[in-house]
Structure formats: C-alpha cells, structure tokens
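Undergrad: This is the structure, below, for whatever I ask next.
The values are calculated or read from the model by the stated rules, or taken from the named source; none is laboratory data. Everything quoted here is computed from the prediction, not taken from an experiment. All Cβ positions, glycine included, derive from the backbone under ideal geometry; neighbour counts span all protein chains shown.
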Amino acid sequence: MKREDIKVCVLRVGGTNCDAETKRSVEELGVQTEIVHVKEMVKRRNLMEYSALVFPGGFSYGDYVRAGVVWAKCILARLGKELKTFVDENRPILGICNGFQVLVEAGLLPGYDGISSHLEAALATNSPPGYNCRWVYIKHENKGKCVFTQEIPKGKILRMPVAHSEGRFIFAKEKEKKYLERLYESDQLVLRYCDKNGEYAEGRFPTNPNSSFHDIAGICNPEGTIFGLMPHPERAFYWWQHPDWTRQERMPQYGDGKLVFESLIGYLVNRT
C-alpha cells in the first residue's frame, strides 16, 4: 500500500482529550488521518474506508461506571458488525490509555480466542489509588508479532509518560498463571514497566506507577494487530515534549513514541 493511500481514523467521544496529538503524530509520518466522532461514524457507516483505527486517551464519558466501559459497550452495540469485519481483516487497532481500557472492556484484548463476550482481563484502580501522571520507563518484550512495535528491538528501554487513575492491569486471581503463560506462548506481552537500567519494577511504585500485574504496560492480541498500552506514545513523539529537554545539551529530534507509529505505518505500507 502506498503511504499516501493510507487512511487512519482516530475516534473520539465526549471526554477524549488526546485525539489531536494522536492525529498530529500519525500525520507527521505522511499518511492521511481523520478525527471522527463515534456518532458521525455510526451515521456514515464507513469504518471500512480506513486502514487503521485508533482509540485515543482521555476520560470517555467521564469514566462513569469504570474507565472505558461505556465507550466499549457503545461501540459494540452500534458498530459491532463493522468492527468484527475490521478485526477479521487484520486491520490494525491501537488503544492508548483510555483506548486500552476500551479494548479490554470490549473483549478485543487479550483476545485469546477472538473477540470475547466476557472480560478476560481488567484495568483496575491504581495502587496506590489516585491519578498518576509521570514519565516512566518501559521495556519492549515482544519477539516481533506486534505490528505496532516491529521497528523496536526486543529488550529496548523506552521512555514515555503515563496519566491515568485506572491502569492496573490484572487477571482474575485464579487465572493469573494460565493467562500469563498464554501471553508468553502467543507472543502477546509487549511492554513491561522497568527502571532506566531495564530492571523490572517487580510491582514497586513509582517504577510501576499502578501496581500492574507482572509490570504489564501493554499487550497485543494473538495476531499482533490489536495493541493496547497505558503509556502515551503521542506525548513522547517530539524532543520538546520531554520534561528534561532544557537540561540536555543535545536531544534527538524525536522521542520513543514515534517508534510505535512508525511501526504501524511500516506494516501498512508493506501490506499487499
């Protein structure tokens, strides 16, 4: 697919607040990008016109009930058929922060056996509780399946910000061992919280900002085409977004967040 023919849709609803930054990041790589309100998408019924779909960060519908659940149920009820076709055709879907919560609540992640009608995981209230906004280090764990990190070497340490109140990735206690093994067996584990030297957080705050199980910061589905992560790559795209850029003698033009979007576009360009 030619780069200029790629069209990426950034969905939004009331409460999303990272759609503009996400659109800018994708457009920086030379592809068409549109921000579309869910109501407009339902009206147009044109989801299949897009090469990739992004659920951005924010607080959709005020995070009432629990983070991401209202948006997830809305999508399934009003665009479920189109979404299933989108997934079946292996068109990429990215969920950032609140978008990750939406993908989990909609049953798209972990997606062990396709779109699940019941929750296989959850993004629970942070521990310690409260809104946590800070820059963190994360280690890339994927062996190459996730299309959103194919440009990132395994073991590379990345730096991005988090900003959430419900980012603690968990499985049901009785299924933790089984589901974690499945993540590893299917190469679905993508990102884990670590320190700047790459040592895993082992649940320690603030290296792990929410007490996420197994320090999980991001996972993909078994096909590698659906990816959810709590850190914000669109807020770590340019050098001037870094909090300490004024203390550095030299900064690279782009931050680590660019690698996520570059991987996505590279996958789409190479699709037949």
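Undergrad: On the basis of being within 30 Å of residue 253 (Cα to Cα), in contact with a helix residue (DSSP H, G or I) (Cβ under 9 Å, 6 or more places away or on another chain) and among the basic types (Lys, Arg), does residue 23 make the cut?
TA: Considered against the rule, which asks whether it is within 30 Å of residue 253 (Cα to Cα), in contact with a helix residue (DSSP H, G or I) (Cβ under 9 Å, 6 or more places away or on another chain) and among the basic types (Lys, Arg), residue 23 comes out as yes.
Undergrad: Picking from 119, 109, which residue would you name as being within 18 Å of residue 71 (Cβ to Cβ) and out of contact with any strand residue (DSSP E or B) (no Cβ under 8 Å at 6 or more places or on another chain)?
TA: 119
Undergrad: Exactly one condition in (1) touching a helix residue (DSSP H, G or I) at 6+ places or on another chain (Cβ under 7 Å); (2) modelled with pLDDT under 95; (3) over 21 Å from residue 179 (Cα atoms) is not met by residue 74; state its number.
TA: The number of the failed condition is (2).
Undergrad: Something else: Quick one: how many residues across the range 142-193 are in a loop (DSSP other than H, G, I, E, B) and in contact with a Leu (Cβ under 8 Å, 6 or more places away or on another chain)?
TA: 9
Undergrad: Looking only at the range 195-228, which residues are part of a strand (DSSP E or B) and either on the phi > 0 side of the Ramachandran plot or crowded, with 23+ Cβ neighbours inside 10 Å (or both)?
TA: Those that are part of a strand (DSSP E or B) and either on the phi > 0 side of the Ramachandran plot or crowded, with 23+ Cβ neighbours inside 10 Å (or both): 216, 217, 218, 219, 220, 226, 227, 228.
Undergrad: Could you check the range 39-88 and list, in sequence order, the residues that are without any contact (Cβ under 8 Å) to a residue 12 or more places away in the chain and under 16 Å from residue 225 (Cα atoms)?
TA: Once the filter is applied, which keeps residues that are without any contact (Cβ under 8 Å) to a residue 12 or more places away in the chain and under 16 Å from residue 225 (Cα atoms), the range 39-88 yields only 88.
Undergrad: Would you point out the residue of the range 80-123, among those that are within 25 Å of residue 174 (Cβ to Cβ) and among the acidic types (Asp, Glu), that is surrounded by the most Cβ atoms within 10 Å (Cβ to Cβ)?
TA: Among those residues, the one meeting the criterion is 105.
Undergrad: For residues that are more than 20 Å from residue 3 (Cβ to Cβ), part of a loop (DSSP other than H, G, I, E, B) and free of Cβ contacts under 8 Å to residues at least 60 places away in the same chain, scanning just the range 243-264, find the one that is farthest from the chain's Cα centre (by Cα).
TA: 249
Undergrad: Just the residues that are touching a strand residue (DSSP E or B) at 6+ places or on another chain (Cβ under 9 Å) and either loosely packed, with under 14 Cβ neighbours inside 10 Å or more than 30 Å from residue 151 (Cα to Cα) (or both), please, taken from the range 127-140.
TA: Within the range 127-140, 127, 131, 133, 134 meet the criteria.
Undergrad: Now, a different point. Do we have any residue at all in the range 236-259 that's surrounded by 21 or more Cβ atoms within 10 Å (Cβ to Cβ) and touching a Gly at 6+ places or on another chain (Cβ under 8 Å)?
TA: yes
Undergrad: A follow-up question, please. What are the residues in the range 10-27 that are surrounded by 24 or more Cβ atoms within 10 Å (Cβ to Cβ), more than 18 Å from residue 263 (Cβ to Cβ) and hydrophobic (A, V, I, L, M, F, W, C), if any?
TA: 11
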